[in-house]
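The values are calculated or read from the model by the stated rules, or taken from the named source; none is laboratory data. Everything numeric in this text was worked out from a predicted model, so none of it was measured. Glycine gets a Cβ as well: all are built from the backbone with ideal geometry, and neighbour counts include every protein chain shown.
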Amino acid sequence: MKAISAIIPAYNEENGIARVISELTAVLRKLDIAFEIIVVNDGSTDRTGEIVKDLGGTLLDHPVNRGYGASLKDGIREAQYDDILILDADGTYPQDAIPALIKAADNYDMVVGSRTGGSVAIPPHRRFPKWLLKKMADYLVGMKIPDLNSGLRVFKRSVALKFFNILPNGFSFTTTITVALLSNNYRVKYIPINYNKRTGKSKFRPIQDTFNLLNLILRTSLYFNPLKIFIPFSLILFLLAILVFIYSKFFTPQVMDITVIVITMTAVQIMALGLIADLIDKRTDR
């Protein structure tokens, strides 16, 4: 019999958590599968934990706020089934999309609810950072990613555990696991879904969280596909060396040969580092 562990990270979500759990329970019961719902109360200062206890769900309590990723990782450790469903506690994700995700998970390592449906309520201040991060991730993994950090997805616990050492404790958990699986040729499917306006106040910090996500994407790419980073930097330096040579040859009294040599040697060293990093990556068993 198919079974799934649903994990809901929650931080000060007293206004929406009861409805999310009730709707999720109803959806999973209709599927006639074994399931468990784990709510990770991430240091909430409101009644989130009390509400979950009243509903009879499995509750993991953090005494202090540790972050979205830390909550998911604790839930994954606690889960008893290999199929993991993650869902936000703010009511933004349509739960009628869950059956399709669970069904598709039979043939994929991860199935993502892609927020590309007909009704998507993403706040304006988050659109440009999301677009920028998506473009960079597309380049680094070598394919177009419909939704980089959707919080509604189903994946294998056994696969996620392989990457626990690089999965962050913050919002970038979903971004990192997406880049990690795509970079390592795991089977990932995207299913278009709608995205509702959230209940309560968003915890997303546009500047700080965007910078953190950018940093995580670069670090993850260096871990899995270092040539995507090292080769462009090396080529830029080679081009700079050529431009400096041409400029000094025709527009200055003497050729800046020392400068050209230094830039060229730096480019060669970066290229060599990239090749060594790629060799190490290819020899690492995952």
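Of the residues making up region 63-93, not one is in contact with a helix residue (DSSP H, G or I) (Cβ under 7 Å, 6 or more places away or on another chain) and more than 30 Å from PRO192 (Cβ to Cβ). Checking each residue in region 63-98 for being buried (at least 19 other Cβ atoms within 10 Å of the Cβ), more than 22 Å from ASP109 (Cα to Cα) and not β-branched (Val, Ile, Thr) picks out GLY67, ALA89, ASP90, GLY91. In region 30-60, which residues are out of contact with any strand residue (DSSP E or B) (no Cβ under 8 Å at 6 or more places or on another chain), at negative phi and surrounded by fewer than 19 Cβ atoms within 10 Å (Cβ to Cβ)? Residues satisfying the conditions are LYS30, LEU31, THR45, ASP46, ARG47, GLU50, ASP54, LEU55. Of the residues making up region 177-217, those that are farther than 21 Å from TYR93 by Cβ, among the polar types (S, T, N, Q) and either at pLDDT 85 or above or surrounded by 21 or more Cβ atoms within 10 Å (Cβ to Cβ) (or both) are SER183, ASN184, ASN185. Taking the criterion of being at pLDDT 90 or above and among the aliphatic types (A, V, I, L, M), the residues of region 89-136 that qualify are ALA89, ALA97, ILE98, ALA100, LEU101, ILE102, ALA104, ALA105, MET110, VAL111, VAL112. Restricting attention to region 43-62, the residues that are among the hydrophobic types (A, V, I, L, M, F, W, C) and out of contact with any helix residue (DSSP H, G or I) (no Cβ under 6 Å at 6 or more places or on another chain) total 1. Among the residues of region 137-159, those identified as assigned to a helix (DSSP H, G or I) and at pLDDT 90 or above are ARG157, SER158, VAL159.
Hand me the list of helices (runs of 4 or more DSSP H) wholly inside region 1-118 holding 2 or more residues that are in the same structural domain as TRP131 (by TED's automatic domain parsing) and touching a residue at least 60 places away in the same chain (Cβ under 8 Å).
Working: elements: 17-30, 48-55, 68-78, 98-104.
Here the list reads 17-30, 68-78, 98-104.
Can you tell me which residue in region 160-176 is modelled with the highest pLDDT, limited to those that are in a helix (DSSP H, G or I) and crowded, with 18+ Cβ neighbours inside 10 Å? Within region 160-176, the match that is modelled with the highest pLDDT is ALA160.
Scanning region 237-254 for residues being in contact with a helix residue (DSSP H, G or I) (Cβ under 8 Å, 6 or more places away or on another chain) and under 18 Å from THR266 (Cβ atoms) gives a total of 7.
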